[in-house]
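Written below as structure tokens is the structure these notes are about.
No lab work stands behind these numbers, since they all come straight from the coordinates. Only a predicted model underlies this, so the values are computations on that prediction, with no experimental measurement involved. Because the Cβ atoms are built from the backbone with ideal geometry, glycine has one as well, and the counts that use them run over all protein chains shown.
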Amino acid sequence: MFSNIKRLHVLVLVLGCWASFCCAQPANHANNIVLKAKPQQCVVLNEGQACHKTIRIYWQANKPGDYCLVISKNKTQLQCWQAAAQGVYQLAFDSSTSLPIYLIESKQQAPLASVNITVSWVYEARRESRASWRLF
């Protein structure tokens, strides 16, 4: 009797978990956007050096629409697509700082998805000591 109740609880727990993971849909399921950059990180030898790399930016949406890739710092449009549900853009990255990029719907200007291309370095820039030549 006790084992039957235990099995029933386990069965209810398993079915509840299955229903919550498999059947539940996120609130923004209709606008689920994927935005990826490959590579997403650029590594230079010393801090402050510019990274020169070709970055492949890929996006995909559930529904076709008018979308644009935008650099977030200065709102520069990299490329726009009309009536598209996916797109690829090759970015000639040349920067010493990280660069956030947004995918927007061309009529709304609000970011739908974002990706950050980061610049990392192996060695920090040398900081000159104020007392490097001081004797006393």
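Points to keep in mind about this one:
- Distance between modelled label sites at ASN116 and GLN40, nm, 7 Å Cα→Cβ extension: 1.1 nm
- Computed extension length for TYR123-LYS75: 14.1 nm, one decimal, from 0.36 nm per residue of separation with the Cα-Cα distance subtracted.
- Summing Cβ point charges (Lys, Arg +1; Asp, Glu -1) relative to the Cα centre of the stretch 30-123 gives a dipole of roughly 140 debye.
- For the stretch 30-123, with +1 on Lys and Arg beta carbons and -1 on Asp and Glu, the positive-most of TYR58, PRO39, GLN77 along the dipole: TYR58
- Normalised by the number of residues in the stretch 30-123, the mean separation of alpha-carbon contacts (under 8 Å, six or more apart) gives a relative contact order of 36 percent.
- Gained length - SER98 relative to ASN62, 0.36 nm times residue gap less alpha-carbon distance: 10.1 nm
- Whichever lysines have a C-alpha closer than 20 Å to that of LYS63, once near sequence neighbours (fewer than 8 apart) are set aside: LYS36, LYS107
- Residue exposure sequence - TYR123, TYR67, TYR89 - by fewest surrounding Cβ within 10 Å: TYR123, TYR89, TYR67
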